[in-house]
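The values are calculated or read from the model by the stated rules, or taken from the named source; none is laboratory data. Since this is a predicted model, take the numbers as computed values, not measurements. Heads up, the Cβs are rebuilt from the backbone with ideal geometry, glycines too, and the neighbour counts pull from every protein chain shown. Side chains are part of the model used for accessible areas, which takes the heavy atoms of the whole protein and leaves out ligands, DNA and RNA. Shrake-Rupley method; radii C 1.70, N 1.55, O 1.52, S 1.80 Å.
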Amino acid sequence: MAPHHPEDVGMTAAKPSQAAKPRQVEKSPAAPKSPRRAVAAADRTRQPTEVRRRLIVEAAVPLIAERGYAAVGVRDVAAAAGVSVGTVTYHFGSVQEILSEAMVLHIERYYAELSEAAEQATSGAEALRLLVDALFTEDTDRHWRMWFDYWNAGEQGTDEAFSGGQAHRYETWHQQIRALAQRGVTDGEFSADDLDGFTVRFAALADGLALQRLRQAPPLSTQDARRHLNRLIETELGRRSPE
């Protein structure tokens, strides 16, 4: 919590002696009150631990997206969250813990939005097309940067829970891809004998294209990245994708 500021107290004249006759004195103008120091919104009230933790994690997400996992420190997170460094270190054991939770939060939101958009499609083919379109836009470069930072952080650490969370998220991602392809098969739009294999190849191609897109070696546009994924759908599921 930010330190409390004492209330400003005006000066009063001393009481005159009972024996002395009161003298008329000219009152000097009151000194202006010192302005209070601005206090961050997060410090004005004591918030539950989970609220403070969430505030800190939320502030870390754009920092990682803009600078990268390795370039963000605890002071950066504290400044972005509007809290002291001590508040950050009280709620988190390390900056790696903050950044890991921030990446997980972003990734879960990102794929939840993709899944929701695909589920609202009128067919399995349209759902896969919307998925491909959403995976590669000018805005998703930030997501892919965080995605690779997330996996790199797992390789560098020894936290079994973190590694288990990575495996679970990737398994969920595979399940979403397969479900959309299965929907197209059920509706008679696709024909496929190996949906599991298609799912693995789709996810692997998406990751590879994303890495090439970020590195630009060789150069890859978002339109070409979509075209490669749509060609995979066309080849493996027997449906020609829209140009």
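How many residues does region 59-93 hold that are under 27 Å from PHE136 (Cβ atoms) and surrounded by fewer than 16 Cβ atoms within 10 Å (Cβ to Cβ)? Give the derivation first.
Initial filter on region 59-93 (under 27 Å from PHE136 (Cβ atoms)): 60-72.
Okay, now just the ones that are also surrounded by fewer than 16 Cβ atoms within 10 Å (Cβ to Cβ), so 62, 66-68, 70-71.
Of the residues in that region, 6 qualify.
Please state which of the following conditions GLU155 fails to meet, knowing it meets all the rest: (1) among the charged types (D, E, K, R); (2) modelled with pLDDT of 85 or more; (3) in a helix (DSSP H, G or I).
(2)
For MET103, indicate whether it is surrounded by 18 or more Cβ atoms within 10 Å (Cβ to Cβ), farther than 30 Å from GLU189 by Cα and touching a His at 6+ places or on another chain (Cβ under 7 Å). If you could, list the steps in order and put the result at the bottom.
Values: surrounded by 18 or more Cβ atoms within 10 Å (Cβ to Cβ): yes; farther than 30 Å from GLU189 by Cα: yes; touching a His at 6+ places or on another chain (Cβ under 7 Å): no.
In short, no.
List the number of the failed condition for THR122; all other conditions in (1) assigned to a helix (DSSP H, G or I); (2) open to solvent by 50 Å² or more (accessible area, probe 1.4 Å) hold.
(1) is the only condition that THR122 fails.
Select, from ALA112, ALA80, the only residue that is among the aliphatic types (A, V, I, L, M) and in contact with a Pro (Cβ under 9 Å, 6 or more places away or on another chain).
Numbers: ALA112 fails: in contact with a Pro (Cβ under 9 Å, 6 or more places away or on another chain).
Only one candidate qualifies: ALA80.
Looking only at residues in region 213-225 that are open to solvent by 70 Å² or more (accessible area, probe 1.4 Å) and part of a helix (DSSP H, G or I), which one is nearest to THR137 (Cα to Cα)?
Within region 213-225, the subset open to solvent by 70 Å² or more (accessible area, probe 1.4 Å) is 215-219, 223.
Subsequent filtering for residues that are part of a helix (DSSP H, G or I) retains 215, 223.
Values: ARG215: 15, GLN223: 8 Å.
Here the answer is GLN223.
Examine region 158-167 for a residue that is closer than 19 Å to VAL72 by Cβ, in contact with a helix residue (DSSP H, G or I) (Cβ under 9 Å, 6 or more places away or on another chain), surrounded by 13 or more Cβ atoms within 10 Å (Cβ to Cβ) and not acidic (Asp, Glu), and state whether such a residue exists. Step through it out loud before you land on a result.
Step one: list which residues in region 158-167 are closer than 19 Å to VAL72 by Cβ, which gives 159, 162.
Now narrow it down to the ones that are in contact with a helix residue (DSSP H, G or I) (Cβ under 9 Å, 6 or more places away or on another chain): 159, 162.
Imposing the further condition that a residue be surrounded by 13 or more Cβ atoms within 10 Å (Cβ to Cβ) reduces the set to 159, 162.
Filter again for not acidic (Asp, Glu), leaving 162.
Within region 158-167, one or more residues are closer than 19 Å to VAL72 by Cβ, in contact with a helix residue (DSSP H, G or I) (Cβ under 9 Å, 6 or more places away or on another chain), surrounded by 13 or more Cβ atoms within 10 Å (Cβ to Cβ) and not acidic (Asp, Glu).
Among the residues of region 192-210, which ones are in contact with a helix residue (DSSP H, G or I) (Cβ under 7 Å, 6 or more places away or on another chain) and either open to solvent by less than 40 Å² (accessible area, probe 1.4 Å) or touching a residue at least 40 places away in the same chain (Cβ under 8 Å) (or both)?
Residues satisfying the conditions are ALA192, LEU195, PHE198, THR199, PHE202, ALA203, ALA206, LEU209, ALA210.
Being in a helix (DSSP H, G or I), farther than 28 Å from ASN230 by Cα, touching a helix residue (DSSP H, G or I) at 6+ places or on another chain (Cβ under 9 Å) and open to solvent by 50 Å² or more (accessible area, probe 1.4 Å) narrows it down to one residue among GLN175, GLN182, GLN96; which is it? Give the steps one after another, and end with the answer.
Details: GLN175 fails: farther than 28 Å from ASN230 by Cα; GLN182 fails: farther than 28 Å from ASN230 by Cα.
Exactly one of GLN175, GLN182, GLN96 is in a helix (DSSP H, G or I), farther than 28 Å from ASN230 by Cα, touching a helix residue (DSSP H, G or I) at 6+ places or on another chain (Cβ under 9 Å) and open to solvent by 50 Å² or more (accessible area, probe 1.4 Å), namely GLN96.
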